[in-house]
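Asks: Structure provided below as structure tokens; questions to follow.
The values are calculated or read from the model by the stated rules, or taken from the named source; none is laboratory data. Not measured: the values here are computed from a predicted model. In this analysis, Cβ positions are derived from the backbone assuming ideal geometry, glycine residues included, and neighbour counts consider all displayed protein chains.
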Amino acid sequence: MPPTAAELMRELPLGPLVDHHCFALSAGEGLLPWARKTVRLLLHGRTGQGQIDDTVLVVTELLTNAIRHTGGPVSLTLGLYEKGVTVGVVDRGRDTTAIRADAVNHLGGLQDEAAVATGGGDLLESGRGLYLVDKFADGWGVELAREGKIVTAAFCLVGSAA
């Protein structure tokens, strides 16, 4: 089972919490662009552009998964720490048995399997979300929440200006 958000914060050198944001969101056409812009604004000046891009990618993946698999309203939380950031997406789903991305074959045989199954060579357009979260975040976890479940990812920010 992946670690809980509390375990992530104990394991990673994030430092003290300096700011926290929580947004209740409805699935809609403008949700992902709004989320990307908001995360960029909140992280501006705290770390380098590469880490901001990594965090935005993970937020996009988590929100997309929540919307695709539960269809209902979601919440986005951002915890800004002295030396890091946590992002969490709460959805109405109750399944916390998400497979750790490192247990997956890192897409190695995925393209070959897709080519055999479909007769083409195109890489699948979905199914890589948790793989990307695992590769770009310093840690992530999933746990039950009052509203459903929350998937949390944590990032240690290099060169933090906070």
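Asks: Take the residues in the range 38-70 that are closer than 15 Å to residue 28 by Cβ and touching a strand residue (DSSP E or B) at 6+ places or on another chain (Cβ under 9 Å), then tell me which one is modelled with the highest pLDDT.
Replies: The residue in question is 38.
Asks: From (1) outside any strand (DSSP E or B); (2) modelled with pLDDT of 85 or more; (3) over 15 Å from residue 59 (Cβ atoms); (4) not basic (Lys, Arg), pick out the condition that doesn't hold for residue 144.
Replies: Only one criterion in (1) outside any strand (DSSP E or B); (2) modelled with pLDDT of 85 or more; (3) over 15 Å from residue 59 (Cβ atoms); (4) not basic (Lys, Arg) is unmet by residue 144, namely (1).
Asks: Follow-up. Do the conditions hold for residue 17, that is, is it at pLDDT 95 or above, surrounded by fewer than 14 Cβ atoms within 10 Å (Cβ to Cβ) and either farther than 16 Å from residue 144 by Cβ or charged (D, E, K, R) (or both)?
Replies: No, not satisfied.
Asks: Quick check on my filter: what residues within the range 88-103 are modelled with pLDDT under 80, buried (at least 16 other Cβ atoms within 10 Å of the Cβ) and either part of a loop (DSSP other than H, G, I, E, B) or not small (Gly, Ala, Ser) (or both)?
Replies: 96, 98
Asks: Applying the selection to the range 29-52, what residues are touching a residue at least 24 places away in the same chain (Cβ under 8 Å) and either basic (Lys, Arg) or surrounded by fewer than 13 Cβ atoms within 10 Å (Cβ to Cβ) (or both)?
Replies: If the condition is that a residue be touching a residue at least 24 places away in the same chain (Cβ under 8 Å) and either basic (Lys, Arg) or surrounded by fewer than 13 Cβ atoms within 10 Å (Cβ to Cβ) (or both), then 36, 45, 46 are the ones that fit.
Asks: Which of (1) out of contact with any Cys (no Cβ under 9 Å at 6 or more places or on another chain); (2) over 18 Å from residue 139 (Cβ atoms); (3) not hydrophobic (A, V, I, L, M, F, W, C) does residue 75 not meet, given it meets every other one?
Replies: (1)
Asks: Could I ask something else about it? Here are some conditions: (1) buried (at least 18 other Cβ atoms within 10 Å of the Cβ); (2) touching a residue at least 40 places away in the same chain (Cβ under 8 Å). Residue 26 meets all but one. Which one does it not meet?
Replies: Residue 26 satisfies all of (1) buried (at least 18 other Cβ atoms within 10 Å of the Cβ); (2) touching a residue at least 40 places away in the same chain (Cβ under 8 Å) except (1).
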